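S.K.: This is the structure, below, for whatever I ask next.
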Amino acid sequence: MAARDPMRVHTIFYVADQAKAASFYSHVLDATPVLDVTGMTEFAISEETVLGLMPESGIRRLLGDKLPAFHGSPVTARAELYLVVEDPGACHSRALEAGALELSGLELRDWGDHVAYSIDPDGYVLAFASRAER
């Protein structure tokens, strides 16, 4: 049996303004995109994980009428990106500086992680966490 390459995960956020979202995440992640072309910006989170930013109009073009519209939904947060990082406080601060709204400061949570929560301009919840001593 042939050896398999490790799975690579691409999480893609559909954003209102690709350039603004790219600037926001460049600041928050303190990183330069590994890809930045019309229709897609990507950040390497790790060797196996990529965060992509695609304009909402781009996914609509790709999937057309098959994609249901969720505008007007009572759900205000679209998804959560939970990042385990070395310094969650610094990441959280950069998110706030870049325009995120704070949902909860850095606290020890009942599952054992120290986590701070914010929400980005497109409605995605950002969780910056570190593992507590277990």
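The values are calculated or read from the model by the stated rules, or taken from the named source; none is laboratory data. Just so you know, these numbers come straight off a predicted model, no measurement behind them. Note: ideal-geometry Cβ built from the backbone for every residue, glycine included; neighbour counts use all protein chains shown.
S.K.: Of all residues being of a type in the set (Asp, Glu) and out of contact with any Phe, Trp or Tyr (no Cβ under 9 Å at 6 or more places or on another chain) in region 83-106, which is nearest to residue 46 (Cα to Cα)? Just the residue, please.
M.R.: So the residue we want is 86.
S.K.: Restricting to region 35-66, count the residues that are modelled with pLDDT of 95 or more, closer than 19 Å to residue 123 by Cα and either surrounded by fewer than 15 Cβ atoms within 10 Å (Cβ to Cβ) or small (Gly, Ala, Ser) (or both).
M.R.: So the answer is 1.
S.K.: Considering 52, 58, which residue is assigned to a helix (DSSP H, G or I) and of a type outside the set (A, V, I, L, M)? If you could, list the steps in order and put the result at the bottom.
M.R.: Working: 52 fails: assigned to a helix (DSSP H, G or I).
Going through 52, 58 in turn, just one is assigned to a helix (DSSP H, G or I) and of a type outside the set (A, V, I, L, M): 58.
S.K.: Would you please list the contacts, defined by Cβ atoms under 7 Å and residues six or more apart or on different chains, that run from a residue in region 50-62 that is touching a residue at least 60 places away in the same chain (Cβ under 8 Å) and closer than 10 Å to residue 18 by Cα to a residue that is surrounded by 13 or more Cβ atoms within 10 Å (Cβ to Cβ) and among the polar types (S, T, N, Q)?
M.R.: none
S.K.: Need pairs with beta-carbon distance below 6 Å; first residue among the aromatic types (Phe, Trp, Tyr) and surrounded by fewer than 14 Cβ atoms within 10 Å (Cβ to Cβ) and within region 73-97, second at pLDDT 90 or above and not in a helix (DSSP H, G or I); sequence gap 6+ or separate chains.
M.R.: 82/127
S.K.: Here are some residues: 97, 102, 107, 133. Which one is among the charged types (D, E, K, R), outside any loop (DSSP other than H, G, I, E, B) and more than 24 Å from residue 53 (Cβ to Cβ)? Steps first, answer last, please.
M.R.: Numbers: 97 fails: more than 24 Å from residue 53 (Cβ to Cβ); 102 fails: more than 24 Å from residue 53 (Cβ to Cβ); 133 fails: outside any loop (DSSP other than H, G, I, E, B).
Unique residue meeting the criteria: 107.
S.K.: Among what's in region 107-123 and is of a type in the set (Asp, Glu) and over 14 Å from the mean Cα position of the chain (by Cα), pick the residue that is surrounded by the most Cβ atoms within 10 Å (Cβ to Cβ). Reasoning before the result, please.
M.R.: Applying the first criterion (of a type in the set (Asp, Glu)) to region 107-123 yields 107, 110, 113, 120, 122.
Next, only the ones that are over 14 Å from the mean Cα position of the chain (by Cα) stay: 107, 110, 113.
Values: 107: 11, 110: 6, 113: 18.
Only one residue tops the list, namely 113.
S.K.: Looking at this structure, is residue 21 of a type in the set (A, V, I, L, M), modelled with pLDDT of 95 or more and surrounded by 14 or more Cβ atoms within 10 Å (Cβ to Cβ)?
M.R.: Yes; evaluated as a whole, the condition is true for this residue.
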